[in-house]
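Here, each number is a calculation from the coordinates, and none is a lab measurement. Remember, it's a predicted structure, so these values are computed and weren't measured experimentally. Counting neighbours? That spans all protein chains shown, and the Cβs are built from the backbone with ideal geometry, glycine included.
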Amino acid sequence: MATSTTEGAAHGAEVAHEAGGIPQLAIETFPSQIFWLFVALVAIYFLLSRVALPRIGATIEERQDAISNDIERAADYRRQAEAAEAAYDQALADARAEAGRIADKTRAEIQVEIDAAMTKADEQINAQSAESEARIATIRDEAAVAVQAVARDTAQALVAALAPDVADASAIDAAVAARTNS
Amino acid sequence: MATPTEGELFAIHPMDQFIVSSLGGEGGPVGMAGIGMFTNQVLWLALTVVAIAALFVLGSRGRAMVPTRIQSVGEMIYGFVYKMVEDVAGREAIRFFPYIMTLFTFILFANLLALLPYSFSVTSHVAVTGVLAMLVFLGVTILGFVLNGPKFLKLFWAEDAPLALRPILAVIELISYFVRPVSHSIRLGANLMAGHAVLKVFAGFAGGLAVLTYGPGAAVPILAISTMYGLELLVAVVQAYVFTILTCVYLNDALHPGH
């Protein structure tokens, strides 16, 4: 180590002397430096432009495509989900409307039945009450006749008991009829 | 152990690390004949290429939809540079993206590898940064004339300035245009060189003080080295970024010379 350093230093002193102190200005090394720089640059250029850059560019592009594809697919799924939700809502609304319609229909049918039954019942009630009125009228007439008969019998008995000589059946009947019919 | 003199203790040679020298041989490359020599510069240029290949070629090999860690780093740098080119120089500059990417990755990796202990700082050499800057300068200028023809000269003719000022501005613009490659290359090279030289100086102090104080005296320089190292890490990335974004700005001038 020590010897190589001294050697380097010695060589350096020599070069430094020639180039005015700075190794960068040692003109005699320039052909070598420039030649090998060109070799390196050309090598790097071909490595990059022929192999690396197209490959990296393609990879990045593929990744972009894949990402935008995925985003598109996600948007697609979203649209599908939204369509499904809309369909569900529509079906729900339809079902509600159908249920309402069936309820209305059933109500109307029942109403018709009820109306029919009411009419029938009213008719029966009317018939029965007419019949009852007729019977009541008959009973009242019969009762009136019975009252007349009883009144006549009672009047005849009273007249016969109080004044047998003036007994007149027809006069009594007329009197009783006049009293009871009022 | 003989007590060393202070002169020996603090004989720090911060610039020696930049000497281009043969690996395994003696001396450095001299002129065109030196091209065949395997130097420290060649080694670290090669390692830069290997590191870039490892990150961008091996790292992207899986082409995974969910990237692995290395693949992710490569893709981040790709996206970062791509966006920079697009934002600064416009969409039509995208066809120059591979060149910009080459520049950025080369400078970034050379800068970062130079921060490894015992490494060699490739981008601290003006021969390297100067060539990079001249490539950008010539490329952009030729491109500007090829795409726009003589209209490219409008770049120097400030149409919205008062007529009397325009020739003066044109001269200033022309000078600033030709100074571009100089500032472009010196900015990068000098930043790297200064940083590494400062690190070396502190390292030399640490060694000297450790001997003088039998250990504890080295604590202060070592703390300074740690701080500087963090700063140099930042400089390595920022300078790569600055070089690249300026290249994009110049490219934008060539593509849209009408401001």
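Computed quantities for the displayed model
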read-out	value
Neighbour-count ranking [beta-carbon atoms within 10 angstrom, fewest first] of B:Leu234, B:Leu132	B:Leu234, B:Leu132
The range B:57-88-the range B:90-168 distance, computed between alpha-carbon centres (Å)	23
Gained length - B:Ile94 relative to B:Leu43, 0.36 nm times residue gap less alpha-carbon distance	15.1 nm
Neighbour count of at most 10 Cβ within 10 Å plus DSSP loop: longest chymotrypsin sites (Phe, Trp or Tyr not before Pro)-free window in chain B	B:1-117
Shielding score for B:27-35, defined as the mean number of other chain Cβ atoms within 10 Å	6
Label-zone membership for the range B:239-259, site A:Ser49, 7 angstrom Cα→C-beta point, backbone N under 11 Å	none
Estimated [θ] at 222 nm from DSSP helical runs (n ≥ 4, -39500 (n - 2.57)) normalised by residues in chain A, nearest 500	-32000 deg cm²/dmol
Relative contact order (%) - chain A, alpha-carbon pairs under 8 angstrom, separation at least six	9
Extension gain, B:Arg63 back to B:Ile175 (0.36 nm per residue minus Cα-Cα distance, nm)	35.6 nm
Cross-link reach list, aspartates and glutamates versus B:Lys83, counting only Cα pairs under 13 Å and skipping chain neighbours closer than eight places	B:Glu75, B:Glu92
Most mobile of B:Ile100, B:Ile35, B:Ile142 in a GNM of chain B (Cα contacts under 10 Å)	B:Ile35
Separation in nanometres of the label points that stand 7 Å from Cα toward Cβ, at A:Ala75 and B:Ala164	6.1
Reach of A:Lys120 by Cα under 30 Å, taken over lysines that are not fewer than 8 positions away in the same chain	A:Lys105
With at most 13 neighbouring Cβ atoms within 10 Å, loop GluC sites (Glu not before Pro) (DSSP) excluded, longest segment of chain B	B:27-158
Per-residue [θ]222 nm for chain B (sum of -39500 (n - 2.57) over DSSP H runs n ≥ 4, rounded to 500)	-22000 deg cm²/dmol
Nearest-ten-degree value, helix A:169-181 long axis tilted from longest Cα axis of chain A	20
Computed lengthening from B:Phe10 to B:Glu26, 0.36 nm per intervening residue step minus Cα-Cα distance	3.2 nm
Pairwise FRET efficiency - A:Arg107 versus A:Ala137, Cβ, R0 = 60 Å, nearest 0.05	0.85
Whole-number percent relative contact order across chain B, with pairs defined as alpha carbons under 8 Å at least 6 apart	26
Estimated FRET transfer efficiency (A:Ala149, A:Ile114; beta-carbon r; R0 45 Å; 0.05)	0.30
